[in-house]
1. Treat the count of other C-beta atoms within 10 Å as a stand-in for reagent exposure and order PHE68, PHE106 from fewest to most.
2. Among the listed pairs LYS33/LYS135; LYS33/LYS136; LYS63/LYS135; LYS63/LYS105; LYS40/LYS135; LYS40/LYS136, which are separated by more than 27 Å between their Cα atoms?
3. Check which residues have an amide H placed less than 5 Å from THR77's amide H, if you skip close sequence neighbours.
4. Would you kindly compute the Cα radius of gyration of the stretch 56-189 and its largest Cα-Cα separation (Dmax), both in Å?
5. Based on the mean of other beta carbon atoms within 10 Å per residue, what is the order of 125-134, 109-118, most packed first?
6. With θ taken as phi - 60° and the coefficients 6.51, -1.76 and 1.60, list the Karplus ³J(HN,Hα) couplings across the stretch 74-87 in order, rounded to whole Hz; mark glycine and proline as x.
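Since every read-out is calculated from the coordinates, none of them should be taken as a lab result. Because the structure is a prediction, the values reported are computed rather than measured. In this analysis, Cβ positions are derived from the backbone assuming ideal geometry, glycine residues included, and neighbour counts consider all displayed protein chains.
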Amino acid sequence: MKPATLLKRTSTRAFSESRDGKIYQNLRLRMTKQQDAINKRMTEKIKLQRRKQLWQKRRSPIKGIGLFATLPIRAGTPIIEFKGRVIPWEEGAIMLLRGANHVIKFDANHDMDARPQWSPAGYVNHGCHPNCAIKKKRGGLWLTSIRPIEQDEELLIDYDFELGEEFEPCRCGHPRCRGLMLRRKDWPKLRKLMSKVL
């Protein structure tokens, strides 16, 4: 080994073990952590931007404004997060009885008021044979594809209203449309009630 190289290595080791060297190492470590945090935020931002490209608000033939796929979407893809006020389930039940169609079950004791003013996800329309569902991911509620979705196809969920809640006629246009935004298991109860009235 050349004397100059040996001297350089010895000097570097001596600097690393000195007080200034330790300060320098701590500074480099902090800067690396800060850079890692910046990179992580940038990656999350890019992912969010890409996710936003999956949907677009447009006029819907079903009702008012709807959400449409801007690209082909694979099954199981989180598309957009629902935002809104988390409220007690009792308040959510009252809102549903008064005709609200933007109340989502959040957990066993809470609902979410997910009207469009909180998030564009609130524009998603009902379909009797939907291509999406609301699933809990990353601590939030996400509109998630349940089958492959073609570009320009409207994103739809089953509102799944219970008998006793305010529900509307369905206009999804599917050949097997149920006619009402009522969950399947409540149809026998509805038929029974109608037979008593008619």
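1. Numbers: PHE68 18, PHE106 22.
Neighbour counts put them in this order, fewest first: PHE68, PHE106.
2. Working: LYS33/LYS135 33 Å; LYS33/LYS136 31 Å; LYS63/LYS135 23 Å; LYS63/LYS105 22 Å; LYS40/LYS135 25 Å; LYS40/LYS136 23 Å.
Long pairs (Cα-Cα over 27 Å): LYS33/LYS135; LYS33/LYS136.
3. Those lying under 5 Å, H to H, from THR77 are SER145.
4. My reading of the Cα-based Rg and Dmax gives 14.3, 40 Å.
5. On the way: 125-134: 19.8, 109-118: 17.5.
So the peptides 125-134, 109-118, ranked by packing, come out 125-134, 109-118.
6. 3J(HN,Hα) across the stretch 74-87, in whole Hz: 7, 4, x, 8, x, 9, 8, 8, 7, 10, x, 7, 7, 10.
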